[in-house]
Amino acid sequence: MAIKKDPAAGAPASGRRAPGRRAGDHGRYGRLSRERVLATALELVDREGLSALSMRRTGAELGVEAMALYRYAAGKDALLDGLVEALYTELEEQLATSAEAPDWRDELHRIAAATYRVALDHPHVAPLLATRMLAVPLARRPLAVLRDHERILALLERAGLDEEATVMAFRAVTGWVLGYVLGDLRAMVDNPDEPEPAFRLGLHRMPARELPCLRAAAPTLARPGAPEGLAAGLDALLDRFAPGTDSVPGTGSVPGTGSVPGTGSVPGTGSVPGTGPSTE
């Protein structure tokens, strides 16, 4: 919206807006776009956390009033969904920079590793990959999210799984990757300024008699699982659904030797993959 001029004085009329804050969609860095709005919101959350996100604050970062953003995002909830979209778009960009693996299993590993990197690059936003998407119906999820779903389903179909086994494997794979990422982002340190490891983790707050296993495992749990742990768990899942296929080199996992899905071991045909014939 153009600022009206006083024809007599040749200056902005009274009630003009403060410099750097505009009602229109031309901000401090040029004309607004959905991509620019989401990128700015992402930068804000990366820097200050989710609590800093609002339409007003995002507008201020862009040099416009909050009202100027509503043509690009209907409100804060839309901004949150847009952050998820931004991460999946970044995932697509990362995958595009390297060649697709010819083997379906290798390609799933490539997708999982890229998802891990993107999530750890944006630790304040990564929890939204679960919380926001669980609240959004499938058909209303951003296209970048749906393309990720499509990519994984197509790879599992290439493995020779039937429709039911494909869906089961899809849920297992996506749940594992997301859960592993969120596990590595958990707050484990109680007092980062404490040099003594036990007090740093706050083990003195945990009853020794009631929680002996958890106290013993806490130092290891506090360390990030790293991409190697993600790959090992993914191989274990894939061996369950598609035994007999090659695992990713260097992960140390041994593929299963059970029957191939579609020959009597697919869920829904009387037995579970890798467990042999049903005894029912």
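Meeting the requirement of 2 or more residues that are among the β-branched types (Val, Ile, Thr) and closer than 24 Å to Leu182 by Cα, the helices (runs of 4 or more DSSP H) wholly within segment 38-121 are 76-96, 104-121. Remark: pairs (first residue in segment 206-229, within 30 Å of Ile111 (Cα to Cα); second residue open to solvent by less than 40 Å² (accessible area, probe 1.4 Å) and aromatic (Phe, Trp, Tyr); Cβ separation under 6 Å; 6+ apart in sequence or on different chains) = Pro227/Tyr116.
Among all residues of segment 119-138, there is none that is open to solvent by 60 Å² or more (accessible area, probe 1.4 Å), farther than 23 Å from Ala41 by Cβ and at pLDDT 95 or above. Looking only at segment 139-153, filter to residues that are surrounded by 14 or more Cβ atoms within 10 Å (Cβ to Cβ) and over 14 Å from the mean Cα position of the chain (by Cα); which one of those is farthest from Glu100 (Cα to Cα)? Ranking the qualifying residues of segment 139-153, first place goes to Leu153.
Filter segment 170-184 down to residues that are surrounded by 14 or more Cβ atoms within 10 Å (Cβ to Cβ) and more than 16 Å from Ala232 (Cβ to Cβ) and give me whichever is nearest to the chain's Cα centre (by Cα).
In the first step, residues of segment 170-184 are kept if they are surrounded by 14 or more Cβ atoms within 10 Å (Cβ to Cβ); the result is 170, 172-174, 176-178, 180-184.
From what is left, the residues that are more than 16 Å from Ala232 (Cβ to Cβ) are 170, 174, 178, 182.
Working: Phe170: 16, Thr174: 10, Leu178: 7, Leu182: 9 Å.
Taking the candidates together, the pick is Leu178.
The values are calculated or read from the model by the stated rules, or taken from the named source; none is laboratory data. Because the structure is a prediction, the values reported are computed rather than measured. No Cβ is skipped: glycine too gets one built from the backbone with ideal geometry, and neighbour counts run over all protein chains shown. All accessible areas refer to the heavy atoms of the entire protein, side chains included, with ligands and DNA or RNA removed. Shrake-Rupley method; radii C 1.70, N 1.55, O 1.52, S 1.80 Å.
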